[in-house]
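Bear in mind that the values in this text are calculations on the coordinates, not laboratory data. What you see is a predicted model, and the numbers here were worked out from it, not measured in a lab. With ideal geometry, Cβ positions are generated from the backbone for all residues, glycine too; neighbour counts draw on all protein chains shown.
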Amino acid sequence: YIVPTPIGNLSDMSNRAIDILREVDLIAAEDTRHSGHLLQHFLINTRKISLHDHNEHQRTQLLIKKLQEGENIALISDAGTPLISDPGYTLVSTCRSHNITVIALPGPCALTTALSASGLPTDRFMFLGCLPVKQKAKAESLKFASSQHISCLFYDAPRRIKHPLKSLNKHYLST
């Protein structure tokens, strides 16, 4: 199961997500400490295992074995929908290649939430993932986005967003 978690407000957690997290044999979490607070809030005592960018390849083999043995596993990220600029791609694609059923629950996703409130056209859009940290690569990403004729969205950390916004406004939105 791919289980979205609240982006900020715990009331956004669905009853179905809570039920799945209680019923599965194991929860693969991006950060077990972070997820521990969420799980504790909803009185979920399911075993947890970490699955993050640095261990996903190794953990995938272990999790595939458990799935093949009949265990049910839920994948969660720190906030929002797993795999959307979060770990899980290797696990899900490996499940698919082994004919293991993957069920994705609907739920919170920062991308669609931001798009729906942005005032930008929503009929066609492109998600470009996280902005690169290095300035040259970031500038190239911003230039590419500004050349598209559809809404382009990307993720960036709140502490780093000021510079890309200034750059977009100065170099790309004024023309």
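Structure summary
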{"read-out": "For the range 107-162: relative contact order, % (alpha-carbon pairs under 8 angstrom, 6 or more apart)", "value": "42 percent"}
{"read-out": "Alpha-carbon centroids, the range 115-152 and the range 1-51: separation in whole Å", "value": "30 Å"}
{"read-out": "Inter-label distance for residue 47 and residue 126, nm, one decimal - labels placed 7 Å from Cα along Cα-to-Cβ", "value": "4.5 nm"}
{"read-out": "Computed magnitude of the charge dipole of the chain (debye, nearest 20; Cβ of K, R +1, Cβ of D, E -1)", "value": "760 debye"}
{"read-out": "The range 16-22 - phi-based ³J(HN,Hα) in whole Hz, Karplus 6.51/-1.76/1.60, Gly and Pro as x", "value": "4, 4, 4, 4, 4, 5, 6"}
{"read-out": "Label-point gap, in nm, between residue 97 and residue 23 - each point 7 angstrom along Cα→Cβ", "value": "3.0 nm"}
{"read-out": "Estimated D of the chain in µm² per second, where Rh is the Kirkwood radius over Cα pairs and Stokes-Einstein applies at 37 °C, 0.692 mPa s", "value": "184 µm²/s"}
{"read-out": "Segment residue 159-residue 55, length gained on full extension (0.36 nm per residue, minus Cα span)", "value": "34.8 nm"}
{"read-out": "Linear extension gain, residue 117 paired with residue 168, 0.36 nm per residue minus alpha-carbon span", "value": "16.4 nm"}
{"read-out": "From phi via Karplus (6.51, -1.76, 1.60), per-residue ³J(HN,Hα) for the range 44-59 in Hz, x at Gly/Pro", "value": "9, 10, 5, 4, 10, 9, 7, 9, 9, 3, 8, 10, 4, 5, 5, 5"}
{"read-out": "Helix 32-41 axis, angle to the chain major axis (alpha carbon atoms, nearest 10°)", "value": "70 degrees"}
{"read-out": "Two-site FRET efficiency, residue 148 against residue 104, from Cβ-Cβ distance with R₀ of 30 Å, rounded to 0.05", "value": "0.65"}
